[in-house]
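This report concerns only the one structure given below.
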Amino acid sequence: MATMTTTDLTTTWTRRWHQWLALGLVLFSFFMALFVNRTVFERLPHLEDELAYIFQARIFARGDVVVASPEPRRAFWQPFVVDYEPQGTRFGKYSPGWPALLAIGVLLGQMSFVNAAAAALNVALVYRLGREVFNPDVGVIAAALMAFSPMALLLNASLMGHTTALCCFTLFMYAYWRLSRPRSRHRLRWAALAGLALGLLIVNRPLTAVGVTLPFVLWSGLRVLRAALDGWRSAPEKLLPTLQPLLLLAAIALLMSSALPLFNYAATGDPTQNLYTLVWPYDRVGFGECCGRSGHTIVKGILHTRYDLSLTAADLFGWQAGLITPQLVEHLQTRASYWPVMGLSFFILPFGLWVGFRTRWLRAWLLLALAWLAVPLATNADFLRDDEAAIWAWLGVGAVWMLVPPLALAWRGTTDDNRTRAAWTWLLLAVAVSLIGLHLAYWVGSQRYSTRYYFEAVSALALIGALPIAWLARRFKRVFIYWLLSLALVWSLNAYSTPRINALYRFNGVSPELIEQIEQRRVDDRPLLVIVNGDLGAVSWRAYGSLLAVTGPYLDDDIVAVRDFAADGTVRAQLVERFPDRQIIEMQARSTDIWFVDEN
C-alpha cells in the first residue's frame, strides 16, 4: 500500500484550500448579484434595453415567438419594442438568446436568479481555467478579481444579457482548452460543449461573439495548418485529432446560430432583417453616413473608445487614484466622457503579460507593442483627433504586430508547458484587443452600466491580472500576499464599488414607489388600467418606466399601463372598451414627470 509523503500531503492540503476559497467566491458572486438587484435596482429594470429583454422573455415563457400588435399601437408603445406593421407582429428588437434564458427566470418567478447563477458559474470557470492552464494560485486569484470586479457586481445584478454572454464565452474558453490539450480525453465531447457555448453566445450577442472568438478562430487555423504540415511530413492521420473536434465545434455553433435568422423570419418575414434598424435606422455597425446619428468615422470611434477605456481602468477591479465623490456620482448619472480620475486597474496587466510571456523574444514583442499603443494615447497625439489615414495606419500596424506571437508559436509548436502558457497568455490578451477593436466600428460607447461592451473580456483580463499576484505568492509568503489582495478587494468593494453602483439607485426615475401609490388607490380586487395622458412627443418613458416593467406583452397583468395621446378622447374610448373589467386610474405626464389627475 502506497503511503503519502509530506510533499503529497502539502499539495493535497493546498489544493483543497484553493478549492474552498473558490467555492466561497462562487457563493459570494451568487448572493451579491441577488443582494444588489434587491437593494439598488429594487428588482426592477432601469434601462430601455432591460424592458425590451423582459418583454421578449415573457413572450418566450408563454411558448410564443412574437405577439400580435394591439390597437391602437401607439397607446401600448414600449422602448425598443417593435410593432412591425407589415406583419402585424410585436417583439423586442434584440437577439433572442438572452430573452430565451431570461424566460427561465420568468417561469420561476425570479428573473434575477438567471444572472446570479451565471455570475457564480463565471467565477467557477475562471478558477478552473486559471488552475489548469497556469496554476492553482492563478485560478483562485483570478476568481477573486472576477468576483469583486465592480463591472461584474453591477451587471450581474442587472437584467442585461452581458453576464450570461460572459458565462458562455468563459465556458467556451474552458472547453476549448480541454479539447486542445495534447493528451486530452473526450475531445469530441469537449468540442460539442464548446460549440454549444459559442452558439449560445452568438444568439445572445452576435457582435461580441465575433470579437471574443476571432483570436480562437485564428489560433485554430494555425493549429490545423501546423498539424497538416506535420502530417504531410510523416503520417496524414495526425491531422484528424486536431481537425475533427474543431469541425464539430463549428458545426454545432453554426447550427445554433441559425436561431437568429429564424427569429428574424418569425418576426418580420425576412431572415436577413436587421431588427435594430426598425427602431433607429442608423443603428448599424460600420463607418459612413449609414451608421450613427450623424455618421460614424474612425475618429469618433477612437474618441468613444478612449472615453470608455478611461472608465474601464477604474471599473475593472475598482482601483483608482481617488475616492468616489458626489461629483463623480453625478458624472456617472449624466455624462459619457472621460472619467475624471485616473483608473489603476490596467497597471497590473502588463506585469501579468510579462509573467505569461516567459521567453525574451515575447517580452521584447510586448514592450514594443505597449510602446506603440501607449505613447500616442499618453501624449494625446494630434493624429488621433482628426487624421483618419494616420489612425488606420496606426491600427493596421498594431493588428499586424498582434499576429507575430501566434504565428511564431504555431510554427515552433506548443508541446511544452511554457509555450502552451505563452499561447494562452496571447489568446487572453487578444480577446480584449479584438473586442475593443471591433467596437471601434460601433457608433456609440457605453458607460452608464459600466463599459458593458467590453464586459465579455473580463474573465480573460482577470486571468492576466492574476498572473503577477500568483507569481508573488509563489516566491514570497503566500499568506501575506493573499492578505494584501484581500485588503485591496475589500477596500475596492467599500470605497469604490458600493458608491459607484449606488449611483444607479432609482436611475431613470424607476422605483417601486409609483407602483405602491397606484396599489393604494385600488378600491376592489379588479385588475388596474393606468391611463397615462400626454402628447407622444412630450412624455418620456422614464415618467412611467416602473409601470412598463409590470405591463407584459399579453396585456393581462394585474397592472396595465397605456398611453392616451389624443385630445379628442377617441384613443381613451378604445382603451376603456378593450379593458371593460378593470379599475381605471388616470395619470398625467410631461417629460419625465408624472402625477395623478385628481391631484391637479
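The values are calculated or read from the model by the stated rules, or taken from the named source; none is laboratory data. Everything numeric here is computed off the predicted structure, so don't read it as measured data. Note: ideal-geometry Cβ built from the backbone for every residue, glycine included; neighbour counts use all protein chains shown.
Return the total of residues in the range 384-400 being within 23 Å of residue 310 (Cα to Cα), surrounded by fewer than 11 Cβ atoms within 10 Å (Cβ to Cβ) and either at pLDDT 95 or above or outside the structural domain of residue 302 (by TED's automatic domain parsing) (or both).
Total meeting the criteria: 1.
Scanning for something outside any helix (DSSP H, G or I), modelled with pLDDT of 95 or more and on the phi > 0 side of the Ramachandran plot, does the range 554-568 turn up at least one residue?
Within the range 554-568 (the criterion being outside any helix (DSSP H, G or I), modelled with pLDDT of 95 or more and on the phi > 0 side of the Ramachandran plot), the answer is yes, since at least one residue qualifies.
Going residue by residue through the range 83-103, is there one that turns out to be in contact (Cβ under 8 Å) with a residue 24 or more places away in the chain, of a type in the set (D, E, K, R) and more than 26 Å from residue 258 (Cβ to Cβ)? Even if it seems obvious, please write down each step before you answer.
Pass one, the range 83-103, residues in contact (Cβ under 8 Å) with a residue 24 or more places away in the chain: 84, 86-87, 89-103.
If we keep only those that are of a type in the set (D, E, K, R) as well, we get 90, 93.
From the residues that got through so far, the ones that are more than 26 Å from residue 258 (Cβ to Cβ) too are none.
No, the range 83-103 contains no residue that is in contact (Cβ under 8 Å) with a residue 24 or more places away in the chain, of a type in the set (D, E, K, R) and more than 26 Å from residue 258 (Cβ to Cβ).
Take the range 61-80 and flag every residue that is in contact (Cβ under 8 Å) with a residue 40 or more places away in the chain and in a strand (DSSP E or B).
Quick first cut of the range 61-80, residues in contact (Cβ under 8 Å) with a residue 40 or more places away in the chain only: 61-62, 65-67, 70-72, 74-80.
Within the range 61-80, 67 is the sole residue that qualifies.
Restrict the check to the range 529-540 and report whether at least one residue is within 21 Å of residue 157 (Cα to Cα) and within 30 Å of the chain's Cα centre (by Cα).
Just the residues of the range 529-540 that are within 21 Å of residue 157 (Cα to Cα), to begin with: none.
Within the range 529-540, not a single residue is within 21 Å of residue 157 (Cα to Cα) and within 30 Å of the chain's Cα centre (by Cα).
List the pairs whose first member sits in the range 25-36 and is over 9 Å from residue 123 (Cβ atoms) and touching a residue at least 40 places away in the same chain (Cβ under 8 Å), whose second member is among the polar types (S, T, N, Q) and assigned to a helix (DSSP H, G or I), and whose Cβ atoms are under 8 Å apart, counting only residues at least 6 apart or on separate chains?
Short answer, once both residue conditions are applied: 32/156; 33/112; 33/115; 33/156; 33/163; 34/112; 36/156.
Scan the range 584-596 and give yes if some residue there is surrounded by fewer than 17 Cβ atoms within 10 Å (Cβ to Cβ), assigned to a loop (DSSP other than H, G, I, E, B) and touching a Gly at 6+ places or on another chain (Cβ under 7 Å), otherwise no.
Looking for residues that are surrounded by fewer than 17 Cβ atoms within 10 Å (Cβ to Cβ), assigned to a loop (DSSP other than H, G, I, E, B) and touching a Gly at 6+ places or on another chain (Cβ under 7 Å), one finds at least one in the range 584-596, hence yes.
Considering only residues that are within 23 Å of residue 331 (Cα to Cα) and either hydroxyl-bearing (Ser, Thr, Tyr) or not in a helix (DSSP H, G or I) (or both), which ones fall in the range 431-460?
Scanning the range 431-460 gives 442, 443, 444, 445, 446, 447, 448, 449, 450, 451, 453, 454.
Conditions tested, residue by residue: (1) surrounded by fewer than 23 Cβ atoms within 10 Å (Cβ to Cβ); (2) of a type in the set (A, V, I, L, M, F, W, C); (3) farther than 16 Å from residue 63 by Cβ.
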position: 99; (1), (2), (3): no, no, no
position: 107; (1), (2), (3): yes, yes, no
position: 110; (1), (2), (3): yes, no, yes
position: 115; (1), (2), (3): no, no, yes
position: 119; (1), (2), (3): no, yes, yes
position: 124; (1), (2), (3): yes, yes, yes
position: 127; (1), (2), (3): no, no, yes
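When residues of the range 355-383 are filtered for being buried (at least 18 other Cβ atoms within 10 Å of the Cβ) and not small (Gly, Ala, Ser), how many remain?
First pass over the range 355-383, keeping only residues buried (at least 18 other Cβ atoms within 10 Å of the Cβ): 355-357, 362, 365-366, 369.
Applying the additional criterion that residues be not small (Gly, Ala, Ser) yields 355, 357, 362, 365-366.
The total comes to 5.
State whether the residues of the range 375-395 include one that is closer than 19 Å to residue 438 by Cα and within 26 Å of the chain's Cα centre (by Cα).
Yes, that holds for at least one residue.
Take the conditions out of contact with any His (no Cβ under 9 Å at 6 or more places or on another chain) and either in contact (Cβ under 8 Å) with a residue 60 or more places away in the chain or not assigned by TED's automatic domain parsing to the domain that holds residue 306 (or both) and apply them to residue 367. Does it pass?
Values: out of contact with any His (no Cβ under 9 Å at 6 or more places or on another chain): yes; either in contact (Cβ under 8 Å) with a residue 60 or more places away in the chain or not assigned by TED's automatic domain parsing to the domain that holds residue 306 (or both): no.
Answer is no for this residue.
Here is a list of conditions, (1) assigned to a loop (DSSP other than H, G, I, E, B); (2) closer than 23 Å to residue 457 by Cβ, and residue 380 meets all of them except one; can you say which number that is?
(2)
Looking only at helices (runs of 4 or more DSSP H) that lie completely in the range 230-347, which have at least 3 residues being free of Cβ contacts under 8 Å to residues at least 24 places away in the same chain and crowded, with 16+ Cβ neighbours inside 10 Å? Write out each step before concluding.
Numbers: elements: 240-257, 259-268, 298-315, 326-334.
Once the helices (runs of 4 or more DSSP H) in the range 230-347 are filtered for at least 3 residues that are free of Cβ contacts under 8 Å to residues at least 24 places away in the same chain and crowded, with 16+ Cβ neighbours inside 10 Å, nothing remains.
Give the residues of the range 180-212 that are without any contact (Cβ under 8 Å) to a residue 12 or more places away in the chain and of a type in the set (Ser, Thr, Tyr), sorted by residue number.
The answer is 184, and nothing else.
Output the residues belonging to the range 184-224 that are of a type in the set (D, E, K, R) and either in a helix (DSSP H, G or I) or closer than 17 Å to residue 95 by Cβ (or both).
Pass one, the range 184-224, residues of a type in the set (D, E, K, R): 185, 187, 189, 205, 223.
Correct list: 187, 189, 205, 223.
Going by what's in this entry, would residue 463 be described as within 24 Å of the chain's Cα centre (by Cα), buried (at least 20 other Cβ atoms within 10 Å of the Cβ), modelled with pLDDT of 95 or more and outside any helix (DSSP H, G or I)? Please lay out each step first, then the result.
On the way: within 24 Å of the chain's Cα centre (by Cα): yes; buried (at least 20 other Cβ atoms within 10 Å of the Cβ): yes; modelled with pLDDT of 95 or more: yes; outside any helix (DSSP H, G or I): no.
Answer is no for this residue.
Limited to the range 23-41, what total is found for residues that are more than 13 Å from residue 501 (Cα to Cα) and not polar (S, T, N, Q)?
Residues of the range 23-41 more than 13 Å from residue 501 (Cα to Cα): 23-31, 34.
Within this subset, residues satisfying the condition of being not polar (S, T, N, Q) are 23-28, 30-31, 34.
Within the range 23-41, residues that are more than 13 Å from residue 501 (Cα to Cα) and not polar (S, T, N, Q) number 9.
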